[in-house]
Amino acid sequence: MTERPTPPSQSPVHPPSEPEVAPAAASTEHSMIAARPAPVARHGVTGWLRSRLFSTPLNSVVSLITLAVLVWALSPLVQWALIDADWIGTTREACTGEGACWVFISARFETIVYGFYPETERYRVDITLALLVATIAWLMIPRLPAKRWVVIFALVGFPVIAWLLLLGGHFGLPAVPTREWGGLMLTLTVAIVGIVGSLPLGVILALGRRSQMPLVRSLSVVFIEFWRGVPLITVLFMASVMLPLFVPSEVEFDKLLRALIGIMFFWSAYMAEVVRGGLQAIPRGQEEAAKALGLGYWRRMGLIILPQALKLVIPGIVNTFIALFKDTSLVLIIGLFDLLAIIRAGLTDTNWLGFATEGYVFAALMFWIFCFGMSRYSQYIERRLHTGH
Amino acid sequence: MSTPPIERTPLWRRPAFRALIIQALLLAGLAALIAMMIGNALTNLEARGITTGFDFLGERAGFSIPQTLIDYSGDSSYARTFVVGLLNTLLVSGLGILAATLIGFAVGIARLSPNWLLARLAAAFVETFRNIPLLVQILFWYFAVLQALPSPRQSMSLLEAFFLNVRGLIVPAPVPEPGFGLTQLALVVAILAVVALGIYARRLQQRTGKALPVYWLGSALIIGLPLLVFVASGIPLAWDVPSLKGFNFSGGITVIPELMALWLALSIYTASFIAEIVRSGIQSVPKGQIEASRAIGLPGNITLRKVVIPQAMRVIVPQLTSQYLNLIKNSSLATAIGYPDLVAVFAGTSLNQTGQAIEIIAMTMAVYLTISLVVSALMNVYNARTLLKER
Amino acid sequence: MSAQAATTADSNTPMIEIDGLNKWYGDFHVLRDIDLTVQPGERIVVCGPSGSGKSTLIRCINHLEEHQQGRITVGGVHMTQDVKRIEQIRRHVGMVFQHFNLFPHLSVLDNCCIAQTWVQKKPRREAEATAMEFLERVQIADQAHKYPGQLSGGQQQRVAIARALCLRPEVMLFDEPTSALDPEMIKEVLDVMIELAREGMTMLCVTHEMGFAKTVADRVIFMDQGQIIEQAPPQEFFNNPRSERTQLFLSQILGH
């Protein structure tokens, strides 16, 4: 808007000479009406309650019923889980109260985190975990630089380090076979291998599905639709009973490794569909412009299309991670001892019978914290993407 | 005049040739992999003394199943085991889809309520249940809730007809007496009449503009007519009320706790996803659509029925279908608590007994794959039909 | 058109009467002490800078926005919270939106028939006949069986006008009907509006098309910061604006 001088001939004050068309037209520029507060209280606690909860009779009734349901459901829960609960102790004898006995959890907390990992070697798990937390924190804080290198480290460097460190058997580290892995540590291992493996595979499948080559395209489609069409359990069964049949009998095939391969294939199909959504959202002009600059296929994809497409579907990728994370609990069915399986095993301990509720509530809480955290992060990213960049 | 010589591109620089080579290599690699896998499988199977093929399906299964929708005993064949498992999968999936849809729509609509408290409560429901693994929820309902119920002798009972205990929920079973067929017939007639009424009401409105209260008339017809016939024919229905005999109940229908736990968990878990789909579907209808509808004088219920719902459903239905498919696939978690679904009885017990891993896993996967592909195909038809016409 | 306009009791009753209208969005005071009377057959153009409350004002007239203070009377019906009464008012008031708001899942014909079917309860044949009559008027009858997404913006806006006219309203409200259109399509919509004005329809238009205002308006209203600053016949309004704000506004939109 340019500042324009008002026409000099016009005098701002005008005599009210001509009869008004409507009676209300008496206003002139000097009588600006000042803003007034709204008549009904629309601010403060009363205004908030009135507008959100008690605006109409029906609304008030709904509010009261909801409140009643809330009190009816929550008060016994709080009573059981917090007020009447036992927190301190190491044995079953500490469970004296009416409510939950969290001693059941605290007594076996180490096992829940490390599984059967030898006690003297647990520092290796701690180091890996610290490295993981640092890497993720670096990626999640927008201000920190060199994101690209950290991503490459997360996808390549970290898995190698973690594998060497956890499995051992070299550099003077005693070997810890995977059947001794368990608990939260195993859950995180399965989740991270699943994530790190399924993302690149998913990208390749997504590109394959859009390929000009009919064979590549149809193979990708068949691969994707097959894994998406069957339940993960059957995939895990397949990995545990069918896969050993397909390799020479001399080859010792680790049970965890078999499950990981199944999980990776399964989720790469879902990841491929998420990535495909991103690829479709990139305007055709981008690829044409890249072609016009003389870039070959892999350069076009790697430098122009994929960076944009992947950024667009970060929320979708995170949502797939959440689903993957929740489904790591299924490895219990083929006899691996993840977080849930360890807790379940604890329930059959003859010293600790009858704590199923505490056990499953705790497992639910652990998973919930991870998944809720990730879903909040995905929503935050979505908002950030929406507001430009 | 001589034509300029045609410049010959070397073969390996032509894109078409490159594509051909890449695909040929891919095919060769794939063939080699498959050949190797088959070779290994044959050697391994031979070493274990397992004969390949589907002959095992005719053999005697020899184990019992706690819930069968068709006749089944230990003498039945593995083929029959397969059918029993499949039917149990379909039963829990059908029940789950029904409940998840009802809960999901209710919670999704509640999330959009102008009432702050109700909307928050619905949001809390969604955030709680969709962020806890389904398997944890199944185990929780089964081991922490249903296994903690009292023994049959101390059953919780309602009206001395419904009993809830650690063995499950026992409800009276209806026993039709002669003459009940009339009521069933009346129900069929009522359904046909409602369809006819719908067609007639539509024609009437097209011709004269008069709108009949179809929903009221239809409901009255479908409930009233069978009820009238039922009472008029002398209430020809007896109830087989369960009663405690020794340590267990006899009579009535028993809903096994495995089914209850799986049904509860599947319904609630899937409902939390459906609620989000419903919410975003309704919110995807632009505000201007509702304003325009109100501006041409359409009252609230017509705005909802003719403007909001048709547009929201276009967004909701495809996602809803994929949730239904997820629910069917997730019902395979039945294995964890021993509900006798397809995976538990066929890919579980039968596989362990016969060792026919390849055949059994392939058959099981084929079932789920068929369901998925059929539903996806139907979905594509739906999407093509509801696609908005654009320039 | 003029025949419909005369159906209200007698020509002395104002078509729209707004008295001391105040509206707040939360703490923000959007409409301040608005008084406005519109006589049957009158054509009024409302203009003003963005955020001045002009759209909000006309959206209050058919209760798309709720006001907190003041009286609104439309065609002799006093506006209250009563849903039935609001629907009654809406049947007498047609509205055309900036973004057309046609129903994308219904054909052009069905867009025009839906209110006749469900509000006026007309037989289908009669509703279609009325719809075709008005589609003819806005010269788009040949597209009746297409869907909104298949039409250009100008065509869609003409359909939107026809859809509103099908209920034979006594007042038409236009909320920036041409500001979402490409320049070459503005004329086809304005032509329809001018035609409508010539037939004697009572019209209230929020628009920046000053040419349109000069051609058809009986009165131009200038709004700023939620109040009516100035109102005058177009001749006087454009040649002799009294307030400094009006002058500034006019110089900005006419000066280029």
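Data overview
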{"read-out": "Spherically averaged projected area of chain A from its Cα convex hull (nm²)", "value": "36.6"}
{"read-out": "Residues whose placed amide H lies under 5 Å from that of C:MET95, excluding near-sequence neighbours", "value": "C:LEU173"}
{"read-out": "Antiparallel bridge percentage (DSSP; both residues within the protein assembly as shown; nearest 5)", "value": "65"}
{"read-out": "Approximate spin-label separation A:TYR123-A:ARG384, in nm, with each point projected 7 Å along Cα-to-Cβ", "value": "3.6"}
{"read-out": "Span from the the range A:80-158 Cα centroid across to the the range B:140-212 one, whole angstrom", "value": "48"}
{"read-out": "Overall form of the range A:106-253 per C-alpha gyration tensor (a/c, 1.5; a/b vs b/c)", "value": "oblate"}
{"read-out": "Members of A:LYS291/B:LYS287; C:LYS122/C:LYS146; B:LYS389/C:LYS214; B:LYS210/C:LYS187; B:LYS389/C:LYS187 lying beyond 30 Å, as alpha-carbon distances in this model show", "value": "A:LYS291/B:LYS287; B:LYS389/C:LYS214; B:LYS210/C:LYS187"}
{"read-out": "Anisotropy class of the range B:1-143 from Cα gyration tensor, a/c 1.5 cut", "value": "oblate"}
{"read-out": "Karplus-derived HN-Hα couplings along the range B:293-309 (A = 6.51, B = -1.76, C = 1.60, θ = phi - 60°), whole Hz, x at Gly and Pro", "value": "5, 5, 5, 8, x, 5, x, x, 5, 6, 4, 5, 6, 9, 10, 6, 4"}
{"read-out": "Cβ-placed point charges (K, R +1; D, E -1), dipole of chain B about Cα centre in debye, nearest 20", "value": "1960"}
{"read-out": "Cα gyration tensor, chain B - rounded (a/c under 1.5), prolate or oblate", "value": "oblate"}
{"read-out": "Extension gain (nm, one decimal) between A:ALA175 and A:LEU257, 0.36 nm per residue minus Cα-Cα", "value": "27.9 nm"}
{"read-out": "Estimated inter-spin distance, B:LEU11 and C:THR80, nm [label 7 Å along Cα→Cβ]", "value": "9.2"}
{"read-out": "FRET efficiency for A:ILE369 and A:SER106, using Cβ-Cβ distance with R0 set to 22 Å, rounded to 0.05", "value": "0.80"}
{"read-out": "Per residue solvent-accessible surface (Å²) - the protein assembly as shown, probe of 1.4 Å", "value": "49"}
{"read-out": "Charge dipole (the protein assembly as shown, unit charges on Cβ, about Cα centre) - positive-most of A:THR91, B:TYR215, B:PRO310", "value": "B:PRO310"}
{"read-out": "In sequence order, calculated HN-Hα J values of the range A:234-240 (Karplus, 6.51, -1.76, 1.60; Hz; x Gly/Pro)", "value": "5, 5, 5, 4, 4, 5, 8"}
{"read-out": "Chain C: angle of helix C:153-165 to the longest principal axis, Cα-based, in degrees nearest 10", "value": "80"}
{"read-out": "Built amide H within the under 5 Å cut-off of C:ARG43, gap 5+", "value": "C:MET203, C:ASP218, C:ARG219"}
{"read-out": "Helical contribution to [θ] at 222 nm, DSSP H n ≥ 4, -39,500 (n - 2.57), averaged over chain B, rounded to 500", "value": "-20500 deg cm²/dmol"}
{"read-out": "R0 of 35 Å, Cβ-Cβ distance C:ASN12-B:THR386: FRET efficiency to nearest 0.05", "value": "0.10"}
{"read-out": "Contour excess over end-to-end distance, with Cα ends at A:ASP349 and A:ILE141 and 0.36 nm allotted per residue", "value": "70.6 nm"}
{"read-out": "In order through the range C:195-209: 3J(HN,Hα) via Karplus (6.51 cos²θ - 1.76 cosθ + 1.60), integer Hz, x for Gly, Pro", "value": "4, 4, 5, 4, 6, x, 5, 6, 9, 10, 10, 8, 7, 9, 7"}
{"read-out": "Choice from B:ILE65, B:ILE253, B:ILE222 with maximal GNM fluctuation in chain B (Cα, 10 Å cutoff)", "value": "B:ILE222"}
{"read-out": "Virtual paramagnetic centre 7 Å along Cα→Cβ of C:ALA129, amide N under 16 Å, in the range C:77-121", "value": "C:113, C:116-117, C:121"}
{"read-out": "Rough spin-label spacing in nm, given labels placed 7 Å along Cα→Cβ, for A:ARG92 and B:ILE253", "value": "4.1"}
{"read-out": "Largest to smallest accessible area among C:CYS113, A:CYS95 [probe 1.4 Å]", "value": "A:CYS95, C:CYS113"}
{"read-out": "Partnerless Cys - chain A, beta-carbon criterion under 4.7 Å", "value": "A:CYS371"}
{"read-out": "Amide H contacts under 5 Å for C:ASP224, placed H, 5+ residues apart", "value": "C:ILE229"}
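The values are calculated or read from the model by the stated rules, or taken from the named source; none is laboratory data. Worth saying up front: this structure is predicted, and the values here are computed from it rather than measured. Counting neighbours? That spans all protein chains shown, and the Cβs are built from the backbone with ideal geometry, glycine included. These accessible areas exclude ligands, DNA and RNA; they are computed on the full protein's heavy atoms, side chains included. Shrake-Rupley method; radii C 1.70, N 1.55, O 1.52, S 1.80 Å.
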